[in-house]
Amino acid sequence: MAQWRSGVAALLAALLLPLLAGIPPAQAAPRANESNRAGNTVDVQLVLAVDISYSMDPDEQALQREGYAAALISREFLDALKLGPNGRIAVTYLEWAGELEQRVIIPWTVVDGADTARALSDRILAVPLRRAYRTSISGALQFSMGQFQGSGYRALRNVIDISGDGVNNQGPPVTQVRDEVVKRGITINGLPLVLKRSSNSAMDVPDLDIYYEDCVIGGAGAFVIPVRAMDEFARAIKTKLVLEVAGVKPKPQPRIVPAADPSRVSCTIGERMWQEHWNN
């Protein structure tokens with residue numbers, strides 16, 4: 001845990017602090033004109049897709065939601081927001097579980113500073129927690145992809161930020177949907193919750209972070225930040241959001257494997273485990 005914490009701290013220091021401190025005006029990103037800022041152009045359209053399946057216990061769900069709410073009002077996030085040419089992003093927050101269980105909790109909302117970030121954070125915290133059956137990462141990706149259509153915004157980058165604690169066990173193959181999303185120029189980043197793993201659980205896999213790297217994420221600059229301990233939850237979410245908004249890549253970058261190449265873990269392991277456990 002200490003090694004992971006120091007790694008995250010080093011990552012932020014190496015990538016962001018040189019950008020956020022002491023930048024002469026000539027080196028800063030060019031600002032958009034006022035008429036453009038008042039329009040529908042944003043630096044990033046960001047879908048926050050949050051797992052609410054029953055494998056997520058109430059403690060994990062609460063930490064997940066509180067982590068996103070805290071990250072949005074953090075100094076690091078607000079400083080990263082200023083790096084873009086428009087200084088504004090559009091965010092939508094949705095929850096997902098099974099193949100047909102996705103729900104937009106907060107529709108597209110512009111965040112352009114401390115006030116709008118605080119308002120979004122408060123809205124996230126105000127929604128009651130709920131849980132639903134099964135785990136369909138592919139369904140969540142399909143639903144998230146559809147949110148960019150008709151959003152009303154134009155963005156330099158489109159990103160899906162998907163968090164969860166299990167593998168796909170319902171819906172289309174996750175790699176098939178991942179590839180479709182990436183073909184549309186959308187980046188998928190992952191926040192696998194490698195918490196409370198139990199050898200007694202029929203649906204747990206030991207290398208969820210590797211599964212996310214090989215089977216879930218994709219697109220330009222895609223990355224995974226695993227959460228391995230409860231007290232690292234908020235920090236990991238903040239790190240991930242800052243990197244997504246700033247448009248920088250963590251180092252070292254994860255191994256990203258095309259769907260046609262052999263993976264370190266089977267991308268249909270969840271479907272197979274479900275069949276073996278429930279249909280025998």
Anything in segment 124-145 that is assigned to a helix (DSSP H, G or I) and of a type in the set (A, V, I, L, M)? List them, or say none.
124, 125, 126, 137, 140, 141, 145
Could you check segment 217-245 and list, in sequence order, the residues that are in contact with a strand residue (DSSP E or B) (Cβ under 7 Å, 6 or more places away or on another chain) and outside any helix (DSSP H, G or I)?
217, 218, 219, 220, 221, 222, 223, 224, 225, 226, 227
Could you name every one of the strands (runs of 3 or more DSSP E) located completely within segment 34-118 that has at least 1 residues being crowded, with 17+ Cβ neighbours inside 10 Å and within 14 Å of the chain's Cα centre (by Cα)?
41-51, 89-96
Being surrounded by fewer than 23 Cβ atoms within 10 Å (Cβ to Cβ), within 14 Å of residue 218 (Cα to Cα) and within 18 Å of the chain's Cα centre (by Cα) is the requirement here; does residue 185 meet it?
yes
Give segment 113-125 a look and list any residue that's among the hydroxyl-bearing types (Ser, Thr, Tyr) and in contact (Cβ under 8 Å) with a residue 40 or more places away in the chain, or say none.
121
Per the filter on segment 205-229, residues surrounded by fewer than 21 Cβ atoms within 10 Å (Cβ to Cβ), over 25 Å from residue 245 (Cβ atoms) and touching a residue at least 24 places away in the same chain (Cβ under 8 Å) are 205, 207, 210
Do we have any residue at all in segment 159-179 that's surrounded by fewer than 19 Cβ atoms within 10 Å (Cβ to Cβ), under 18 Å from the mean Cα position of the chain (by Cα) and not basic (Lys, Arg)?
yes
Please specify each residue of segment 215-232 satisfying the condition of being under 18 Å from residue 159 (Cα atoms) and not hydrophobic (A, V, I, L, M, F, W, C).
218, 219, 221, 226
What pairs come up if the first residue lies in segment 126-152 and is surrounded by fewer than 17 Cβ atoms within 10 Å (Cβ to Cβ) and at pLDDT below 95, the second is not in a loop (DSSP other than H, G, I, E, B) and not hydrophobic (A, V, I, L, M, F, W, C), and their beta carbons are under 6 Å apart, counting only those six or more places apart or on different chains?
129/61
Please work out which residue is farthest from residue 99 (Cα to Cα), limiting yourself to segment 146-162 and to residues that are of a type outside the set (A, V, I, L, M) and in a strand (DSSP E or B).
154
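Okay, residues lined up against (1) among the charged types (D, E, K, R); (2) out of contact with any helix residue (DSSP H, G or I) (no Cβ under 8 Å at 6 or more places or on another chain); (3) at positive phi:
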position	(1), (2), (3)
87	no, no, yes
91	no, no, no
102	no, no, no
107	no, yes, no
117	no, no, no
125	no, no, no
129	no, no, no
132	no, yes, no
141	no, no, no
Taking segment 99-125 on its own, how many of its residues are among the acidic types (Asp, Glu) and either within 13 Å of residue 69 (Cβ to Cβ) or at pLDDT below 95 (or both)?
3
Take the residues in segment 180-216 that are among the β-branched types (Val, Ile, Thr) and either part of a loop (DSSP other than H, G, I, E, B) or under 25 Å from residue 75 (Cα atoms) (or both), then tell me which one is modelled with the lowest pLDDT.
205
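The values are calculated or read from the model by the stated rules, or taken from the named source; none is laboratory data. Note that the structure is predicted; figures quoted are calculated from it, not measured. Virtual Cβ from ideal backbone geometry, glycine too; neighbours counted across all protein chains shown.
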